[in-house]
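Single-structure report; data block below.
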Amino acid sequence: MSAETLDQIVSLSKRRGFLFPGSEIYNGFANSYTYGPYGSELKKNVKDLWWKTFVQKRPDIVGIDGDIILHPKTWEASGHIGGFNDQMVDCKTCRARLRADHLVEDALKIDCEGLPDAEVTKLIQDNQIKCPKCGNKDLTEVRKFNLMFQTQMAKTGEDSIAYLRPETAQAIFLEFKNIIDTCRVKIPFGVAQIGKAFRNEITPGNFIFRRLEFEQMEIEYFIREEMWEELFDTWMTEMDVWCTSIGLNPEKCHHLEHEKEKLSHYSKRTVDIEYDFPFGRKELYGLAYRTNFDLSQHQQFSGKDLGYRDPQTNEKFIPHVLEPTFGLDRSILAILCEAYTEEKLEDGSSRIVMKFKPQIAPVKVAIFPLMKKEGMPEKAKEIFSSLSDIWTVDYDESGSIGKRYRRQDEIGTPFCITVDHESLKDDTVTIRNRDTMEQERIAISAVGQYLQKQLNS
Ligand code: ATP
């Protein structure tokens, strides 16, 4: 998959209402995007599938929906105020702000993680690394930049500063006591959450891959310390299965083990799932063993008891935690890349088709009256009403049938139903399959059952 493919996907996303560049009427706002009508359906379907897979179908996982702005002490305890930094430099000529580690990585193929600022500065200066924007070598020294977005609250004084959460996980730790007091959860158990996170990324980009505002789907899975290795492997498998369930080709998904000395301050083991995006192999998801760092820190900073008492042994301890984290926007980007297909047809023409898994396709079925007369629209609308009770359905009566099929192919609709002259006589319709383009004729009364079977297969 080439960089041009990403351009095609960006252009299709705008043309077909998956993702619009944000604030376009004000000439745009860097790196902001709006999920359009089909993009928001796709995103909702992925969220629903995730919730169903990891919360609804699992007796050992419960869900919460926490706030974006949490008590500022949260971020002191979690280590984000002191340590959630990237290394940056400014170009003195064109004033571009750049990720220092990325500059060194690109120019020298050296991984800077964990290197002190002074050493990275030396690497840049000794090797005369240039600003990629203007080509000049006049770069400032490397310094730390905290990625948390600050906001000012109405009250005055020191505690008027608050932060937009840079990860959803912390709300789960803050509610740990409430959850064990109110739900009948027993270790091992998990708490799941889907929600927005914010990071003041120095170099956002690659469409929706690196954004300032994005969504995460995260689970904190509470365990006894001695369980961690076995359950780490179990979670790795669960995550691989999830990748397949949203239609990602396993050959494009890879595990990347973080080197021990480069692990985050809270982690004893981290493995990323990387995906082959058109711009290279990059992190899609992560699985981290966070020990009992977070709960211990919050217990210390809040002075509240966050221990868990084993109902059988009566032993009290601070649980350890495994964290499978799934970026939602990166999931959508990977799904769009995976689904995007250009096909040459037998008649010499070509088509673009988004081959989404039916379960997550934004629209499940489109209904077309062949003509806008002779009672065809009325019959088609009747079918629309009955099916839209269950699925997201498109109704389209304009343009040739061929053009209507092409449009639905580009938004990845698995089935199109056409109401024609015969339908008026014998209550049958044609159903066209997105991938094979084959059509079959079936009774209107059998349409619901047919779709149920096909969409769940
Ligand atoms: P990266 O190394 O790419 O900056 P990270 O290791 O900092 O990512 P985590 O802190 O592990 O990311 O966040 C969990 C998940 O959230 C990531 O696996 C990714 O899917 C998603 N994510 C993180 N940062 C962004 C961002 N700026 N925009 C979109 N998604 C993001």
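Once the 1.4 Å probe is applied to the protein heavy atoms, region 69-162 comes out at 59 Å² accessible per residue. Note that region 343-457 presents 50 Å² accessible area per residue, ligands and nucleic acids not counted, probe 1.4 Å.
Computed in the context of the full set of protein chains, the accessible area of region 85-146 at 1.4 Å probe radius has 45% of its extent on carbon or sulfur. Each stretch of four or more DSSP H residues adds -39500 (n - 2.57); spread over every residue of the chain, this sum gives -9500 deg cm²/dmol at 222 nm. The mean sequence distance of close C-alpha pairs (under 8 Å, at least 6 residues apart), as a share of the length of the chain, puts its relative contact order at 13 percent.
Going through region 372-446, which GluC sites (Glu not before Pro) have at most 10 other Cβ atoms within 10 Å and a DSSP loop state? Let's see the in-between values first.
Working: sites: GLU374, GLU378, GLU382, GLU397, GLU410, GLU422, GLU438, GLU440; in loops: GLU374, GLU397, GLU438.
Qualifying residues, ordered by number: GLU438.
Mind jotting down the distance between the C-alpha centroids of region 330-345 and region 132-197, whole Å? What the calculation gives is 32 Å, centre to centre.
For the chain, what is the charge dipole size about the Cα centre, in debye to the nearest 20, if Lys and Arg each add +1 at the Cβ and Asp and Glu each add -1 at the Cβ?
Working: 61 positive and 73 negative charges, 201 e Å.
Value, rounded to 20: 960 debye.
The share of accessible area on region 363-455 that comes from carbon and sulfur is 48 percent, using a 1.4 angstrom probe. Each Cα pair under 8 Å and six or more residues apart adds its sequence gap; the mean of these over the residue count of region 85-146 is a relative contact order of 46 percent.
In this structure the amide hydrogen of ILE367, modeled in the peptide plane, comes within under 5 Å of the amide hydrogens of ASP394, TYR395, ASP396, ILE417, none closer than 5 places in sequence on its chain.
The values are calculated or read from the model by the stated rules, or taken from the named source; none is laboratory data. These numbers come from a predicted model, not from an experiment. No Cβ is skipped: glycine too gets one built from the backbone with ideal geometry, and neighbour counts run over all protein chains shown. Accessible surface areas use protein heavy atoms only, side chains included; no ligands, DNA or RNA. Shrake-Rupley method; radii C 1.70, N 1.55, O 1.52, S 1.80 Å.
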